[in-house]
Amino acid sequence: MAPMSERIPTFLLLCLLFCCVHGQMNQNFYQKSCPNLQTIVRSVVSQAIATEARMGASLLRLFFHDCFVQGCDASILLDDTPTFTGEKTALPNVNSVRGYEVIDAIKSQVEASCNGTVSCADIVALAARDSVNLLGGPTWNVVLGRRDARTANLSQANSDLPGPDSSLSTLISMFAAKGLSPQDMTVLSGAHTIGQARCFLFRDHIYNDTNINPSFAALRQQTCPFSGNDSNLAPIDVQSPVTFDNAYYVNLVNQQGLFHSDQELFNGGSQDSLVQQYSSDNSTFFTAFAKSMVRLGGITPLTGKNGEIRLNCRTVN
């Protein structure tokens, strides 16, 4: 190992690089160049949720699936072309990720207000925050200044997004690979307090796992048979599926997690005490969720002259 005196310059250089990247981003990034941005985003998201409450969960999930692949760069929004394959057909995304048309609607209004100024990546981040808040959850200051990717990564979308059958150790390691702690993983999983899931994603859990409340399993089996009807939907949070609250954790304590991966958070492992804490203290969950969402939004953003500001979120300029 090199002497400390030789290693300090490298350490300082890394610190400077980190500060330079994140120093270009701040919550007031568009204050002068697009002052109506946040009003536009919230208005369109509010209309979308009023039309279909589930859309709030979809926009939150869209942000998560974007940030876990190449970072928060709107790569998930890119459509396939004859010469380009995006991430929309990845197994975790195809016929599953929704809300693209809401982002399009926001982008259209933002372009009319301040042309060529705001990235699609920042729009996705703001839409996720407003979705949570409009459904009763916390709010937070979104750090802005991301730029949009000119590429996508189908293979990374297939490999880096945790699945509904993931074990606790797999969940912890997959989040750690993105710079997120086990606590971040457990609190961000609380996003499952809203939204719905297709039968085939939780079938194995409700028929084959033993760490599940029998009455809850029977309830879900009513609309998710042992075979067939793969696309039948069920609320992920059986108590309050369109309200952002801590009921997800109450469900876990009662062995009513819909996914195998959900119940892994409360199954005699390292996250049990945190789940119990969030299940009994909504405000603590809200505070932690807001902080973890800021960290999620900081995964390897493109800034400065990297990437571009797409005029159409579905295609590169």
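The values are calculated or read from the model by the stated rules, or taken from the named source; none is laboratory data. Bear in mind the structure is a predicted one, so any value in this text is a computation, not a measurement. Because the Cβ atoms are built from the backbone with ideal geometry, glycine has one as well, and the counts that use them run over all protein chains shown. Quick note on the areas: whole protein, heavy atoms, side chains included, nothing else; ligands and nucleic acids left out. Shrake-Rupley method; radii C 1.70, N 1.55, O 1.52, S 1.80 Å.
Table for the structure above
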read-out: Residue that is least open to solvent (accessible area, probe 1.4 Å), among those in the range 75-110 that are part of a loop (DSSP other than H, G, I, E, B) and of a type in the set (S, T, N, Q); value: 93
read-out: So residue 116, is it open to solvent by 40 Å² or more (accessible area, probe 1.4 Å), at pLDDT 95 or above, part of a loop (DSSP other than H, G, I, E, B) and among the small types (Gly, Ala, Ser); value: no
read-out: Residue list for the range 218-232, restricted to those being hydrophobic (A, V, I, L, M, F, W, C) and exposed (fewer than 15 other Cβ atoms within 10 Å of the Cβ); value: 218, 226
read-out: Output for the range 122-143, where each listed residue is over 27 Å from residue 80 (Cα atoms) and either free of Cβ contacts under 8 Å to residues at least 24 places away in the same chain or not small (Gly, Ala, Ser) (or both); value: 129, 130, 132, 133, 134, 135, 138, 139, 140, 141, 142, 143
read-out: Residue within the range 125-141 that is crowded, with 16+ Cβ neighbours inside 10 Å and more than 27 Å from residue 282 (Cβ to Cβ) present; value: no
read-out: Within the range 185-198, tally of residues that are in contact with a strand residue (DSSP E or B) (Cβ under 7 Å, 6 or more places away or on another chain) and either open to solvent by 10 Å² or more (accessible area, probe 1.4 Å) or part of a helix (DSSP H, G or I) (or both); value: 2
read-out: Tally of residues being in contact with a strand residue (DSSP E or B) (Cβ under 9 Å, 6 or more places away or on another chain) and either open to solvent by less than 40 Å² (accessible area, probe 1.4 Å) or without any contact (Cβ under 8 Å) to a residue 12 or more places away in the chain (or both) across the range 146-163; value: 4
read-out: Output for the range 199-217, where each listed residue is free of Cβ contacts under 8 Å to residues at least 24 places away in the same chain, part of a helix (DSSP H, G or I) and open to solvent by 50 Å² or more (accessible area, probe 1.4 Å); value: 207, 208, 214, 215
read-out: Members of the range 32-85 that are among the β-branched types (Val, Ile, Thr) and either over 14 Å from the mean Cα position of the chain (by Cα) or farther than 25 Å from residue 135 by Cα (or both); value: 39, 40, 41, 44, 45, 49, 51, 69, 81, 83, 85
read-out: Residue ranges of helices (runs of 4 or more DSSP H) in the range 239-317 with at least 2 members within 21 Å of residue 213 (Cα to Cα) and open to solvent by 40 Å² or more (accessible area, probe 1.4 Å); value: 247-253, 272-280
read-out: Helices (runs of 4 or more DSSP H) (entirely within the range 1-71) containing at least 1 residues that are at pLDDT below 95; value: 4-23
